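Engineer: The structure follows.
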Amino acid sequence: MKIQLFEMGAISFLLAWSTVSVPGAESLPPYLDANQPVETRMDNLLSRLTLAEKISLIHADSKFTTAAIPRLGIPRRWLDDGPLGVREDIGPDTWQPAGHTDDFSTAMPAGICLAATWDPDLGFREGEAIGQEARARGKDIMLGPGVNILRTPLCGRNFEYLGEDPYLASQMCVGYIRGEQSQDISSCVKHFALNNQETDRGTINVEADERALREIYLPAFKAAVQDADVWCVMAAYNQFRGQHCSENDYLLNKILKGEWGFKGLVMSDWGGVHDTRGCALNGLDLEMGTDRNYNDFYFAQPYLDLLQKGELPMAGLDDKVRRNLRVMIATHVLDANRKTGSLNTAAHQAVARHVAEEGIVLLKNENQLLPLDATRIKTIAVIGENAIRLQAHGGDSSGIKAFYEITPLQGLVNRVGTTVNIVFSEGYRKGGGPELAERAIAAAKSADVVIYVGGLNHDRGFDCEGADRADMKLPYGQDELIQKIAAANPKTVVVLEGTMVEMDSWLDKVPALLQAWYPGMEGGNALARVLFGDVDPSGKLPATFPKKLSDTPAYAFGPGAYPGTNGTVAYAEGLLVGYRWYDTKNIEPQFPFGFGLSYTTFKYSDLKLIPGDGTNEIVTAQFEIENTGKRAGAEVAQLYVHEKNPRLMRPEKELKGFRKVFLQPGEKQTVSIPLTRGAFAYYDPAQNGWVAQPDSFEIQVGSSSRDLLLRDNFNLAEK
Ligand code: BGC
């Protein structure tokens, strides 16, 4: 009976407890009473725990769980990756899949694709869907979103994250977390902080100045804590200023818990703990993934030993346990009416498709080759390994055992396969010979249109956890192949999956280019709908596409700035990350931050700066956007701020607002973007705080960071 209760968790315990031992609900212990405030329940539960039980709550008891406390009805806690869906079950004691048959889930597009939608509401819907699936799979904490800033295009995990801009990443992660946590699941924003490369990720020491830290690398985490009330934060593997992030007093105690008032729990990354005392004192609350027997985890017996010797304070342990309990209670782990979720529903698959449709970016479209008209095409040659490659499972911890996955080829067959002749030729493959290219060129010649689907994949060394890319080049001879195919058929549409690559050698030879990232389980359908104009492409780049690696900021300062020398990587470019670098240094990118074309056209007009109401907002930028084309479409209007006489160096411009508007042909909408004082502020290390100094600012509004269509001056007065 006991074992059964243990397996079934808190709800069975509650039922058994109330039917067997007590006559009425009024005699429930306070910690089980859902009508009591979270803090009351937490304190009450804490007071009932033995020392051993407290210790059991601050470390793992399998790869992705912490121990149950059956006598109090505390169930095992289940954690899972995150962030692109609910990962297959792992372990329990190895990294091998558990081999379950009921752990297929909805595979969302990569995080960088979600960011490319510039649609925080869609972020909410994605988080909500993943939260529902997590509940249906019996999970409690989901290990996402990942919000590390894209500092160098080479980082192997850029695909998981939300791009190069702190404001965009903040907006997108807040929606996602709110959606996920609305389902009685805790999100776990990761990896805090400055985990911007995979090379030497477990040891590398990051040196970044205070402004870069505050203005670039921390804002998304701060927004997750303060705007989305995220319940969990994962400390990064790397060191910052000489201390591992799992025991970084400055990041965890001072900033996260002190300045930001974070009340949830900080967990380690898997195996990211190196010292009991350091982590105990400097802010870690839960140890996961360490490669030892569970009882030998730094936060198990070694912690107990130090407590018993009086070398660690009991109050410190209680604080950690409180934080763990608080998250459990807030997500209704102990309550009978906790949300139960749903798995692999048509609604979740529709969210996956929607994110892909809105996140695919149209980068080039000469002579309106796109959208394609199926009635005028007899034969399409689909070329490229990525047209048939399943991507959702790849990339390591963010990979999903997809319920199904529609490849680009399948999506095209679904869309036009009954009326159009579709020929497929692989063209390239790892280790493939020249005959692949020859066959593809022959296929290209005999088709009306070529859809080339190439780019990167999740093999180690490309878009994959654990290693960075060696360069920014397309692999497997694709540069030459695309040139030959474009020569064989001028109507060649290139679709790239993955993150950014150099495209100088062929870009001017192809008329159309789409960036499809990793578009998830519905990606093929989404791509086909974009190619044939069922939906208007509305994605915008969440990161600059530089022409070549040597143009990029981290590269410009030599190996000390990336990937690091003697164990340290110095962020010598400071604040100048992404477009802040290219704009300030006048380097022409291949495609700028915020760029993306549409099949329709938009007109921006009538920018007005309306003084604020004296409360939070100090000015509102108001303008009109009109769809001047013949098709329905969506535009992401972006607002940048440029300070004219900065006291400290500032980037040329900074994104401070955006709106995605959906417009029918001829429709016009008034867009209002309110700005707080914070939108004009920079971090002043001398004052340990944000400063918005009285000055003249230019407010710039446009359709990308380099297509600014409306400008006006705003004088920020003394407070
Ligand atoms: C990754 C985390 C992930 C964890 C658990 C680590 O290697 O860095 O992002 O959540 O493994 O799979």
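Engineer: In this structure, is residue 342 of a type in the set (Ser, Thr, Tyr), more than 17 Å from the chain's Cα centre (by Cα) and either modelled with pLDDT of 95 or more or not in a helix (DSSP H, G or I) (or both)?
Structural biologist: Yes, satisfied.
Engineer: Next question. Those residues that are away from the ligand (no atom under 12 Å from the Cβ) and of a type in the set (D, E, K, R), I need them from the stretch 168-202; list them, please.
Structural biologist: 178, 180, 184, 200
Engineer: So in the stretch 396-410, with the set limited to residues that are more than 20 Å from the chain's Cα centre (by Cα) and not hydrophobic (A, V, I, L, M, F, W, C), which one is nearest to the ligand (Cβ to nearest atom)?
Structural biologist: 405
Engineer: Might you let me know whether the stretch 350-368 holds any residue that is open to solvent by 10 Å² or more (accessible area, probe 1.4 Å), outside any loop (DSSP other than H, G, I, E, B), among the basic types (Lys, Arg) and over 27 Å from residue 127 (Cα atoms)?
Structural biologist: The answer is yes; a qualifying residue exists.
Engineer: Hey, among 266, 273, which residue is touching a residue at least 60 places away in the same chain (Cβ under 8 Å), within 16 Å of the ligand (Cβ to nearest atom), among the aliphatic types (A, V, I, L, M) and within 26 Å of residue 93 (Cβ to Cβ)?
Structural biologist: Only one candidate passes the filter, namely 266.
Engineer: List pairs: first residue in the stretch 178-192 and over 9 Å from residue 127 (Cα atoms), second residue open to solvent by 10 Å² or more (accessible area, probe 1.4 Å) and within 13 Å of the ligand (Cβ to nearest atom) anywhere in the structure, Cβ distance under 9 angstrom, at least six positions apart or on different chains.
Structural biologist: That search, which allows pairs on different chains as well, returns 190/269; 191/201; 191/237; 191/269.
Engineer: Related question: Only residues that are more than 16 Å from the ligand (Cβ to nearest atom) and out of contact with any helix residue (DSSP H, G or I) (no Cβ under 6 Å at 6 or more places or on another chain): list them for the stretch 49-68, please.
Structural biologist: 49, 50, 51, 52, 53, 56, listed by residue number.
Engineer: As an exercise: evaluate residue 278 against (1) more than 16 Å from the ligand (Cβ to nearest atom); (2) surrounded by fewer than 17 Cβ atoms within 10 Å (Cβ to Cβ) and give the number of the one condition it does not meet.
Structural biologist: (2)
Matching residues to (1) without any contact (Cβ under 8 Å) to a residue 12 or more places away in the chain; (2) within 17 Å of residue 612 (Cβ to Cβ); (3) buried (at least 16 other Cβ atoms within 10 Å of the Cβ); (4) not β-branched (Val, Ile, Thr):
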| site | (1), (2), (3), (4) |
| --- | --- |
| 673 | no, yes, yes, no |
| 683 | no, no, yes, yes |
| 686 | yes, no, no, yes |
| 692 | no, yes, yes, yes |
| 697 | no, yes, yes, yes |
| 700 | no, no, yes, yes |
| 703 | no, no, yes, yes |
| 707 | no, no, no, yes |
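Engineer: Of all residues in the stretch 390-426, how many are more than 23 Å from residue 90 (Cβ to Cβ) and charged (D, E, K, R)?
Structural biologist: 2
Engineer: Can you tell me which of (1) open to solvent by 10 Å² or more (accessible area, probe 1.4 Å); (2) within 16 Å of the ligand (Cβ to nearest atom) is the one residue 71 doesn't meet?
Structural biologist: So residue 71 meets the others, but not (2).
Engineer: Taking the stretch 128-167 only, how many residues are touching a strand residue (DSSP E or B) at 6+ places or on another chain (Cβ under 9 Å) and within 16 Å of the ligand (Cβ to nearest atom)?
Structural biologist: 18
Engineer: A further question follows. Please go through (1) under 23 Å from residue 580 (Cβ atoms); (2) surrounded by fewer than 24 Cβ atoms within 10 Å (Cβ to Cβ); (3) among the acidic types (Asp, Glu) for residue 160 and return the number of the only condition it doesn't satisfy.
Structural biologist: (2)
Engineer: Name every residue in the stretch 421-474 that is of a type in the set (Lys, Arg) and under 35 Å from the mean Cα position of the chain (by Cα), in order of residue number.
Structural biologist: Hits for the stretch 421-474 are 429, 430, 460, 469, 473.
Engineer: What are the residues in the stretch 546-602 that are farther than 30 Å from residue 368 by Cβ, open to solvent by 50 Å² or more (accessible area, probe 1.4 Å) and among the basic types (Lys, Arg), if any?
Structural biologist: Within the stretch 546-602, 585 is the sole residue that qualifies.
Engineer: Mind checking which residues of the stretch 427-474 are under 23 Å from residue 523 (Cβ atoms) and within 16 Å of the ligand (Cβ to nearest atom)?
Structural biologist: 458, 460, 463, 464, 465 - these are the residues of the stretch 427-474 that are under 23 Å from residue 523 (Cβ atoms) and within 16 Å of the ligand (Cβ to nearest atom).
Engineer: Another one. Could you tell me which of the residues 502, 522 is open to solvent by 10 Å² or more (accessible area, probe 1.4 Å), within 21 Å of the chain's Cα centre (by Cα) and in contact (Cβ under 8 Å) with a residue 40 or more places away in the chain?
Structural biologist: Just one listed residue meets the conditions, 522.
Engineer: Something else now. Looking at the stretch 283-304, I want the residues that are free of Cβ contacts under 8 Å to residues at least 24 places away in the same chain and have a partner that is in a loop (DSSP other than H, G, I, E, B) and within 16 Å of the ligand (Cβ to nearest atom) with Cβ atoms under 8 Å, at least 6 apart or on another chain. Which pairs are those?
Structural biologist: 291/271
Engineer: Still on this model: Identify, from the list 99, 85, the residue that is under 31 Å from the mean Cα position of the chain (by Cα), away from the ligand (no atom under 16 Å from the Cβ) and over 21 Å from residue 323 (Cα atoms).
Structural biologist: 99
Engineer: Taking the criterion of being within 16 Å of the ligand (Cβ to nearest atom) and either buried (at least 17 other Cβ atoms within 10 Å of the Cβ) or outside any helix (DSSP H, G or I) (or both), would at least one residue in the stretch 295-310 satisfy it?
Structural biologist: Yes, the conditions are met somewhere in the stretch 295-310.
Engineer: Among the numbered conditions (1) within 16 Å of the ligand (Cβ to nearest atom); (2) open to solvent by less than 30 Å² (accessible area, probe 1.4 Å); (3) over 20 Å from the mean Cα position of the chain (by Cα), tell me where residue 211 comes up short.
Structural biologist: Every condition holds for residue 211 apart from (1).
Yes/no matrix, rows are residues, columns are (1) within 16 Å of the ligand (Cβ to nearest atom); (2) under 19 Å from residue 452 (Cβ atoms):
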{"position": "357", "(1), (2)": "no, no"}
{"position": "368", "(1), (2)": "no, yes"}
{"position": "380", "(1), (2)": "no, yes"}
{"position": "390", "(1), (2)": "no, yes"}
{"position": "394", "(1), (2)": "yes, no"}
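Engineer: Which members of the stretch 281-294 meet the condition of being surrounded by 20 or more Cβ atoms within 10 Å (Cβ to Cβ) and either within 22 Å of the chain's Cα centre (by Cα) or within 14 Å of the ligand (Cβ to nearest atom) (or both)?
Structural biologist: Across the stretch 281-294, the qualifying residues are 286, 287, 288, 290.
Engineer: Same structure again: Restricting attention to the stretch 125-139, report how many residues are open to solvent by 10 Å² or more (accessible area, probe 1.4 Å) and either of a type outside the set (A, V, I, L, M) or closer than 18 Å to residue 398 by Cβ (or both).
Structural biologist: 6
Engineer: Looking only at residues that are open to solvent by less than 10 Å² (accessible area, probe 1.4 Å) and aromatic (Phe, Trp, Tyr) in the stretch 214-236, which one is farthest from the ligand (Cβ to nearest atom)?
Structural biologist: Here the answer is 217.
The values are calculated or read from the model by the stated rules, or taken from the named source; none is laboratory data. Nothing here was measured: the structure is a model prediction, and the numbers come from that model. A quick note on method: Cβ atoms are made from the backbone with ideal geometry, for glycine too, and the neighbour counts reach across all protein chains shown. Just so you know, the surface numbers come from the protein's heavy atoms only, side chains and all, with ligands and any DNA or RNA stripped out. Shrake-Rupley method; radii C 1.70, N 1.55, O 1.52, S 1.80 Å.
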